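Notes follow once the structure below has been shown.
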Amino acid sequence: LILDFTPLTLYEIIGIIVTASTAIVAYLTSREDAKGRNTAIASVIGVIFTIATGIRFDMLPKLQASLEPGETIRNDRRRSDLLQKVARVNAAQAPINPLMTMVLKIRLESLQEQFDAMAQGRFIVDEAEMPVFNMEMIRTAKREIRTTNFIGISRWWEQPWGERYELANEAAAERKVRITRTFIFSKAEDVPIAAAIMTRQAKKGIAVRYALLRELQPLTGDVIAIDGVLVGEHRIIPGRGLSEALFSVNAGDIERDIRILDAVETNSRDWIK
Amino acid sequence: MVGPFTVVEIVGALAIVCLILFAILRSDASERRGNAVFAGLTGVILTILLSIRFYLLPTMEEDLRLQNLGRGNADAIQLFDMLSRAPVRVKHPLMDYILRMRLSSLDEYYDRAIQGRFMVDQGELPIFLLAMIRSATKSIAATSYAQPASWWDQPWGKVYERENEEAVKRHVSVVRTFIFANEAELNSIRPLLGQEVTAGIAVRYAFVTNLHGNLVNGLVCIDDGLAGELHLTPEKGIKEAEFFTRPIDIGNIRQRIERVQADALILEAPAKGRVP
């Protein structure tokens with residue numbers, strides 16, 4: 001604990017002055033026979049009041065500030081339960097395998113990075129989480145979904161989750177969410193790969209556009225914007241054959257990704273079949 | 001807390017107002033002001049003391065208890081630090097969803113840890129498996145049923161094979177049994193297996209059709225302290241692995257490995273100058 005108690009708090013200094021004044025007033029305005037008693041009562045009440053307010057509004061808040069990390073955990077049942085569980089695990093499980101400790105260390109470091117990113121309004125959704133997260137993302141959209149879909153990297157639409165995702169998009173379009181999806185192809189010969197899905201989506205009320213990669217400014221991955229308050233970028237993790245998506249509610253990131261989507265949509269064509 | 005005040009203080013403030021009104025209404029005219037001031041001041045003092053005693057100190061005591069929970073426990077200290085720094089109010093429900101998922105996954109990790117088990121996911125496997133082989137001091141017994149493309153062709157897959165060879169050099173007994181769907185699959189990596197035999201690794205092979213279903217998997221046993229089972233996707237890609245540290249679980253995995261080894265054939269060392 002780091003505390004910064006001063007010998008006399010501001011409350012106490014003011015309290016002493018007020019108490020002294022009150023005692024003088026009590027002495028001067030009291031009847032002769034009650035002067036001593038009233039002055040004593042005023043002084044005692046003043047001192048108790050002064051000490052109580054000093055403790056309550058100066059010392060305890062400082063103490064509370066030092067305990068803020070504990071307060072954060074106390075206010076979230078999940079966190080406090082987790083911490084108590086960990087404290088129990090180590091007590092019951094000694095010695096723990098060093099490789100187990102290594103995995104925990106890697107995981108905690110990764111989580112720490114993710115929590116720090118969340119403090120900046122950013123979060124990562126990894127490959128395994130993407131199907132469920134994508135469904136949730138489309139389900140919670142209220143007004144607008146704008147996205148690119150790079151055909152070539154992703155085989156998303158062919159997978160079982162892709163079919164469910166397509167249905168979720170159709171449901172969103174039915175509840176009047178404006179959806180604009182721009183399919184991007186590395187070469188013109190690839191367009192037929194996605195022709196069926198593009199036509200199907202266009203028929204369901206989704207604004208389908210398409211473009212060739214060379215017609216656009218360099219893109220590092222698919223971009224999505226939900227209701228103008230959440231943006232995400234899908235990317236491949238180099239050397240690991242895995243992908244993840246970086247989402248953000250950070251104003252700067254939203255502005256940047258919306259600009260990217262504006263440019264993609266400007267340089268793409270309507271798919272009408 | 002409601003703003004800067006506690007619930008006790010808010011209730012106390014209402015009681016004080018009532019007390020002052022009561023003092024004004026029930027006192028003689030000459031004592032009205034004095035009694036009201038006295039009632040107000042004692043009410044305020046009492047409220048503050050009650051608030052400190054029954055709200056502030058107990059919550060601070062709980063905060064302090066949580067803060068001290070990890071004393072002498074490095075994991076708990078690290079976790080406390082992380083949990084206290086994790087965002088409390090996130091700006092978007094989907095971000096909140098991910099935050100809850102992260103906390104849940106950590107919760108699951110500790111639930112398993114209590115039982116001496118832990119999961120290593122796909123992204124963590126490369127680093128983990130290398131460290132696992134390096135940690136072996138006496139023996140490594142393993143069965144492999146991963147798709148060749150997801151194992152041998154990965155850069156870290158090659159490093160993994162090299163680490164096995166290094167283990168042999170430090171006199172660790174390495175016995176690896178490879179499981180194949182058919183002869184063609186075996187032949188596709190026969191040269192690589194031959195290299196392992198040449199490096200001193202005892203290599204065996206078996207076919208899926210000859211094995212019981214629960215043996216067709218990736219299993220590993222390191223010394224007497226760690227055993228693991230690889231979880232594969234339906235396409236035989238690597239999904240995650242579960243490891244065990246309790247002797248009973250290690251014994252179980254070891255038995256399964258031995259059953260595969262019993263049904264497997266030994267791969268002979270390739271003759272010099274001939275591609276195996």
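If a residue must be hydroxyl-bearing (S, T, Y) and not in a helix (DSSP H, G or I), how many such residues does region B:158-187 contain?
2
Does at least one position in region A:121-135 carry a residue that is buried (at least 18 other Cβ atoms within 10 Å of the Cβ), under 30 Å from A:E174 (Cα atoms) and polar (S, T, N, Q)?
yes
If B:D96 meets every condition in (1) over 30 Å from A:V229 (Cβ atoms); (2) more than 8 Å from chain A (Cβ to nearest Cβ); (3) in a helix (DSSP H, G or I) apart from one, which number is that one?
(1)
Check B:T209 against each of (1) of a type in the set (S, T, Y); (2) out of contact with any helix residue (DSSP H, G or I) (no Cβ under 8 Å at 6 or more places or on another chain); (3) closer than 27 Å to B:R112 by Cβ and name the one condition it does not meet.
The one condition B:T209 does not meet is (3).
From A:V223, A:V231, grab the single residue that is away from every other protein chain (no Cβ under 14 Å), touching a helix residue (DSSP H, G or I) at 6+ places or on another chain (Cβ under 7 Å), modelled with pLDDT of 90 or more and within 17 Å of A:I179 (Cβ to Cβ).
A:V223
Looking at this structure, is A:A128 within 14 Å of chain B (Cβ to nearest Cβ) and part of a loop (DSSP other than H, G, I, E, B)?
yes
For region B:188-211, give me the residue count where each residue is within 15 Å of B:A269 (Cα to Cα) and in a helix (DSSP H, G or I).
10
Quick check: is even one residue across region B:118-136 under 16 Å from the mean Cα position of the chain (by Cα), closer than 19 Å to A:G70 by Cα and either part of a helix (DSSP H, G or I) or more than 7 Å from every other protein chain (Cβ to nearest Cβ) (or both)?
no
Select from region B:93-131 the residues that are surrounded by 15 or more Cβ atoms within 10 Å (Cβ to Cβ), under 24 Å from B:I238 (Cβ atoms) and charged (D, E, K, R) and list them in ascending order.
B:R102, B:R112, B:R117, B:D121, B:E124
Any residue in region A:256-273 that's more than 19 Å from A:A194 (Cβ to Cβ): show its pairings with residues that are in a loop (DSSP other than H, G, I, E, B) and not aliphatic (A, V, I, L, M) at Cβ separation under 9 Å, as long as the two are six or more apart or on different chains.
Qualifying pairs under 9 Å: A:I258/A:G228; A:I260/A:Q217; A:A263/A:Q217.
Picking from A:A168, A:A211, A:A194, which residue would you name as being closer than 17 Å to A:I138 by Cβ, of a type outside the set (S, T, N, Q) and surrounded by 15 or more Cβ atoms within 10 Å (Cβ to Cβ)? Explain how you work it out, then say what you get.
Working: A:A211 fails: closer than 17 Å to A:I138 by Cβ; A:A194 fails: closer than 17 Å to A:I138 by Cβ.
Residue meeting the stated conditions: A:A168.
Can you find a residue that is modelled with pLDDT of 85 or more, at negative phi and loosely packed, with under 15 Cβ neighbours inside 10 Å anywhere in region B:209-222?
No, region B:209-222 contains no residue that is modelled with pLDDT of 85 or more, at negative phi and loosely packed, with under 15 Cβ neighbours inside 10 Å.
Residue-by-condition table, conditions (1) modelled with pLDDT under 85; (2) within 7 Å of chain A (Cβ to nearest Cβ); (3) farther than 30 Å from A:N97 by Cβ:
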{"site": "B:R26", "(1), (2), (3)": "no, no, yes"}
{"site": "B:A29", "(1), (2), (3)": "no, no, yes"}
{"site": "B:G40", "(1), (2), (3)": "no, no, yes"}
{"site": "B:I48", "(1), (2), (3)": "no, yes, yes"}
{"site": "B:P58", "(1), (2), (3)": "no, no, yes"}
{"site": "B:R71", "(1), (2), (3)": "yes, no, no"}
{"site": "B:A74", "(1), (2), (3)": "yes, no, no"}
{"site": "B:L79", "(1), (2), (3)": "yes, yes, no"}
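The values are calculated or read from the model by the stated rules, or taken from the named source; none is laboratory data. Quick caveat: nothing in here was measured; it's all calculated off a predicted structure. Cβ atoms come from the backbone with ideal geometry, glycine included; neighbour counts cover every protein chain shown.
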